[in-house]
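The values are calculated or read from the model by the stated rules, or taken from the named source; none is laboratory data. All values derive from a computational prediction rather than experimental measurement. Using ideal geometry, Cβ is built from the backbone for each residue, glycine included, and neighbour counts are taken over all protein chains shown. Heavy atoms of the whole protein, side chains included, go into the accessibility calculation; ligands, DNA and RNA do not. Shrake-Rupley method; radii C 1.70, N 1.55, O 1.52, S 1.80 Å.
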Amino acid sequence: MKLSVIILTYKVPHHLMLCLDSVSKAIENLDAEIIVVDNNSEDVSSDLVKKNFPEVYIIKNEENFGFSKGNNIGVERSKGEYLCILNPDTVVPEDCFTNLLEIYPNLKNPGAIGVQLIDGSGQFLEESKRNIPTPKVALKKIMGSCLSYYNNNLDQQDSGPTDILVGAFMFMKRDQYIEIGGFDEDYFMYGEDIDLSYRICKSGYQNYYIGSIKVLHFKGESTTKDQLYLNRFFNAMFIFYKKHFRNYKNSFKLVKMSLKLTMALEKMRLNSIKIKNQDFQNVYLISKEENLKTSIEQIFKHRILLTDRIDIAVDNSFIILDSDHLSYKEAINTLIALNSKNNAFRIKPRKHKFIIGSESKYRKGEVIELS
């Protein structure tokens, strides 16, 4: 088997359906499998997978083992020559894996590959390509300077070596993942992607960022930005520095104190964030389905503008993308092309009666059920 796609999920059934629909299209012409590991969601996720994607192999954990162990369980069951570790709140283009399988053999001493990630508003996620967060780099970031933290040697559209990738999308050979030791299970959530990326580099391989492949990542849908989130995030940073930079005694002490201060400041910042609901001037449906237009109009109580596609830069608009009409690659490119703080986007998966999307990493995305 050529490819195994591992999707660890926790309490995001609608995002999972959208993700699986996009992945299913992307592996249609490949010898590939999809493995969903449910970290004890205690919701309808597993039932929806069985109903809508019977070809997908499901592993149901009896407890939430966290990101590292959950993914390791999925990899252990996998059979592919290549792996893709993928978040359930992602959408991949149809040519994603085909292109990666063509690119990988031509790279020099490749480790893991990451892609250009965008959020639900079409904004580029800078964590797609990062440098090693040494204590010095971490201190600069804590002080507000991100120039050394993100890999600014590569432009957003470029492709090339980068040290640190994000765990929402990591593509690599299965044998190499096993050789490196997989995700370190000391990390429950957060930091494990930095740790794995760093260990790949230390083992003599080179990680790469491929800017030509664009993947939508709604970001943080399985996580509530609360005190538990902060504790897990900063505890992961402590684990990373204790593990890899213990010789930086003075620097580590300073980083540790700074992390504690930053944690307190971050808590205050999250508590102060207020997200306003927006009144949109227009609502567009990119589709050819009149029945879908009528259904959405009944829910929104608003006139819907049905269009085959939007070729102009619109502002202050709510844009619904019908995946029975647009490919997922076209949908992702539409988000990027119409990216504006005044626009919001929702995607309707194929054969599903809901639309889904997100404008902010600070709150859960929106799911609207359609009749």
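In order along region 279-293, the Karplus-derived 3J(HN,Hα) couplings, from 6.51 cos²θ - 1.76 cosθ + 1.60 at θ = phi - 60°, round to 9, 9, 6, 9, 10, 9, 10, 8, 5, 10, 8, 5, 5, 5, 4 Hz, and Gly and Pro are given as x. Remark: the Cα gyration tensor places region 283-348 in the oblate category, a/c being 1.5 or greater and a/b not exceeding b/c. When Glu42, Glu330, Glu289, Glu55 are compared by accessible surface with a 1.4 Å probe, the order from highest to lowest is Glu42, Glu55, Glu289, Glu330. Amide H to amide H distances under 5 Å link Gly167 with Asp193, where only residues 5 or more positions off or on other chains count and H is placed in the peptide plane. Positive contributions from Lys and Arg (+1) and negative ones from Asp and Glu (-1), summed over other residues with Cβ under 10 Å from the Cβ of Glu33, come out at +1. Between beta-carbons, use under 11 Å as the cut-off and find the net charge around Asn316, counting Lys and Arg +1, Asp and Glu -1. Summing Lys and Arg as +1 and Asp and Glu as -1 gives -1.
For the listed residue pairs Lys173/Lys348; Lys51/Lys79; Lys2/Lys288; Lys50/Lys173; Lys60/Lys341, the alpha carbons are over 30 angstrom apart in Lys173/Lys348; Lys2/Lys288; Lys60/Lys341.
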